[in-house]
Amino acid sequence: MTTMTLQVPEFLEADHQDTVRFIAAKLYESGKLSLGQAAEMVGMRKWDFAETLIQYEVHYLDQSVQEDLEAFNLNAAK
């Protein structure tokens, strides 16, 4: 992984780890990082990072998987 220096406002610097988790979550959400890459970026295991995504309202499952699950639930209910 490459090291990058990012200048952030002082009020964000106070909670550095939270800021990095937020950035990783948003990079995952945008498709720039895989779950594993985002987890590695913040030094977490994949499943622990997946739980972190909830804090930032980032869906772990993409829209196509959610649609498949909804269709499965509707068919199972019939």
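The values are calculated or read from the model by the stated rules, or taken from the named source; none is laboratory data. Worth saying up front: this structure is predicted, and the values here are computed from it rather than measured. When we count neighbours, we look across all protein chains shown, and the Cβ atoms used for this are built from the backbone with ideal geometry, even at glycine.
Quick rundown of the values:
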quantity	calculated
Number of positions in the range 27-78 that are of a type in the set (D, E, K, R), over 9 Å from the mean Cα position of the chain (by Cα), at pLDDT 85 or above and in a helix (DSSP H, G or I)	3
Qualifying positions in the range 1-38 - within 14 Å of residue 60 (Cβ to Cβ) and without any contact (Cβ under 8 Å) to a residue 12 or more places away in the chain	31, 33, 34, 36
Residues (β-branched (Val, Ile, Thr) and either surrounded by 14 or more Cβ atoms within 10 Å (Cβ to Cβ) or at pLDDT 90 or above (or both)) located in the range 1-26	19, 20, 23
